[in-house]
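Colleague: Would you mind keeping the following structure in view while I ask a few things?
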Ligand code: FPP
């Protein structure tokens with residue numbers, strides 16, 4: 001094990017858990033079987049992220065576009081969320097994890113909404129991993145809502161990037177450092193559009209039900225070695241930059 005707790009700069013990890021349906025179909029099972037198996041993987045990855053000292057883990061469990069799936073599949077996904085909350089509640093609280101849902105959950109069954117709000121309230125002051133499920137979530141909708149929220153309370157005022165960031169669904173999640181997508185597709189699919197501006201991306205062929213804590217660690221280790229410059233230059237280039245700057249000044253002075 002090389003990737004160690006606290007020795008990395010990856011604070012916020014976002015995951016698009018894709019490939020459940022194909023995983024099941026390849027095994028001649030109905031698509032929903034992939035979701036069932038995939039929901040078991042969620043708890044393992046949460047535990048691993050917590051062990052590794054990641055600050056925030058945001059998982060895409062149901063997008064606004066997923067509403068167009070067959071009713072039975074949508075029902076299974078609701079059910080899996082419900083079961084996850086019941087099964088993992090104690091562990092979440094014991095491990096000092098703060099749990100939140102981001103997205104529109106108004107169409108969820110009342111019992112599931114109750115479980116969600118209970119756990120959100122019980123865990124609200126927890127200081128460990130910030131675990132967020134994006135459910136009924138869409139990135140464009142989040143940005144639009146943030147914009148409208150600001151405009152309502154500040155009519156006529158010009159909006160800044162800070163204003164948008166402050167009015168997102170869960171402002172304290174901050175920017176995403178690493179976005180992982182399983183299932184082999186190379187898309188963002190309307191996930192955390194604002195927060196991924198400077199994220200590192202990692203796409204794996206592994207379908208979500210086969211995703212393991214070992215692969216998760218390997219990805220973190222691999223990505224933590226990448227050089228992130230946030231549009232600037234590597235400090236190691238400073239000397240080169242200074243020499244270049246002097247040459248540029250000379251050129252400018254000489255006209
Ligand atoms: C994408 O796979 C996955 C989803 C639409 C849902 C992800 C949900 C889970 C992993 C289970 C939910 C569990 C909890 C605890 C909330 P897909 O069906 O689009 O796969 P495909 O690309 O192979 O069709």
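Colleague: Would you confirm, using the coordinates I've provided, whether residue 118 is part of a helix (DSSP H, G or I), more than 14 Å from the ligand (Cβ to nearest atom), in contact with a helix residue (DSSP H, G or I) (Cβ under 6 Å, 6 or more places away or on another chain) and modelled with pLDDT of 95 or more?
Modeller: Criteria not met by residue 118.
So that you can scan it fast, the table gives a plain yes or no per residue for (1) loosely packed, with under 15 Cβ neighbours inside 10 Å; (2) under 21 Å from residue 69 (Cβ atoms):
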| site | (1), (2) |
| --- | --- |
| 92 | no, no |
| 95 | no, no |
| 106 | yes, yes |
| 120 | yes, no |
| 126 | no, no |
| 129 | no, no |
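Colleague: While we're looking at this one, here's another question. If you check residue 190 against the conditions, is it at pLDDT 95 or above, over 21 Å from residue 99 (Cβ atoms) and surrounded by 15 or more Cβ atoms within 10 Å (Cβ to Cβ)?
Modeller: It is true that residue 190 is at pLDDT 95 or above, over 21 Å from residue 99 (Cβ atoms) and surrounded by 15 or more Cβ atoms within 10 Å (Cβ to Cβ).
Colleague: Which one of these does residue 59 not meet: (1) more than 9 Å from the ligand (Cβ to nearest atom); (2) at pLDDT 95 or above; (3) more than 15 Å from residue 10 (Cβ to Cβ)?
Modeller: The number of the failed condition is (1).
Colleague: Please work out which residue is nearest to residue 211 (Cα to Cα), limiting yourself to segment 17-30 and to residues that are touching a helix residue (DSSP H, G or I) at 6+ places or on another chain (Cβ under 8 Å) and more than 6 Å from the ligand (Cβ to nearest atom).
Modeller: Among those residues, the one meeting the criterion is 23.
Colleague: Is segment 155-164 home to any residue that is surrounded by fewer than 20 Cβ atoms within 10 Å (Cβ to Cβ), within 11 Å of the ligand (Cβ to nearest atom), without any contact (Cβ under 8 Å) to a residue 40 or more places away in the chain and part of a helix (DSSP H, G or I)?
Modeller: Checked segment 155-164: no residue is surrounded by fewer than 20 Cβ atoms within 10 Å (Cβ to Cβ), within 11 Å of the ligand (Cβ to nearest atom), without any contact (Cβ under 8 Å) to a residue 40 or more places away in the chain and part of a helix (DSSP H, G or I).
Colleague: Does any residue in segment 48-66 that is within 26 Å of residue 141 (Cβ to Cβ) come within less than 7 Å, Cβ to Cβ, of a residue that is in a helix (DSSP H, G or I) and near the ligand (Cβ under 7 Å from one of its atoms) six or more places away or on a different chain, and which pairs are these?
Modeller: Close Cβ pairs satisfying both conditions: 59/42; 61/81; 62/77.
Colleague: Residues that are surrounded by 17 or more Cβ atoms within 10 Å (Cβ to Cβ), over 18 Å from residue 215 (Cα atoms) and touching a residue at least 12 places away in the same chain (Cβ under 8 Å): does segment 37-46 have at least one?
Modeller: For segment 37-46, residues surrounded by 17 or more Cβ atoms within 10 Å (Cβ to Cβ), over 18 Å from residue 215 (Cα atoms) and touching a residue at least 12 places away in the same chain (Cβ under 8 Å): absent.
Colleague: Residues in segment 93-108 that are touching a helix residue (DSSP H, G or I) at 6+ places or on another chain (Cβ under 7 Å) and over 17 Å from residue 134 (Cα atoms): how many?
Modeller: Residues flagged as touching a helix residue (DSSP H, G or I) at 6+ places or on another chain (Cβ under 7 Å) and over 17 Å from residue 134 (Cα atoms) within segment 93-108 amount to 2.
Colleague: Oh, and also: Residue by residue through segment 70-86, note down the ones that are in contact with a strand residue (DSSP E or B) (Cβ under 7 Å, 6 or more places away or on another chain) and either surrounded by fewer than 17 Cβ atoms within 10 Å (Cβ to Cβ) or more than 18 Å from residue 123 (Cβ to Cβ) (or both).
Modeller: Selection gives 77 alone.
Colleague: Checking the structure you have, find out if any residue of segment 209-228 is in contact with a helix residue (DSSP H, G or I) (Cβ under 7 Å, 6 or more places away or on another chain), at pLDDT below 95 and part of a loop (DSSP other than H, G, I, E, B).
Modeller: no
Colleague: Before we move on, is residue 99 in contact with a strand residue (DSSP E or B) (Cβ under 6 Å, 6 or more places away or on another chain) and either under 15 Å from residue 216 (Cβ atoms) or free of Cβ contacts under 8 Å to residues at least 40 places away in the same chain (or both)?
Modeller: The answer is yes for residue 99.
Colleague: Further, regarding this structure: Return the residue satisfying two criteria in turn: it lies in segment 2-16 and is at pLDDT below 70 and surrounded by fewer than 18 Cβ atoms within 10 Å (Cβ to Cβ), and of such residues it is farthest from the ligand (Cβ to nearest atom).
Modeller: Checked segment 2-16; the qualifying residue farthest from the ligand (Cβ to nearest atom) is 7.
Colleague: Also: So residue 146 passes all but one of these: (1) closer than 17 Å to residue 171 by Cβ; (2) over 21 Å from the mean Cα position of the chain (by Cα); (3) part of a helix (DSSP H, G or I). Which condition number does it fail?
Modeller: (2)
The values are calculated or read from the model by the stated rules, or taken from the named source; none is laboratory data. Small disclaimer: the values here were computed from a predicted structure and weren't measured. Ideal geometry is used to build each Cβ from the backbone, glycine not excepted, and the neighbour counts take in all protein chains shown.
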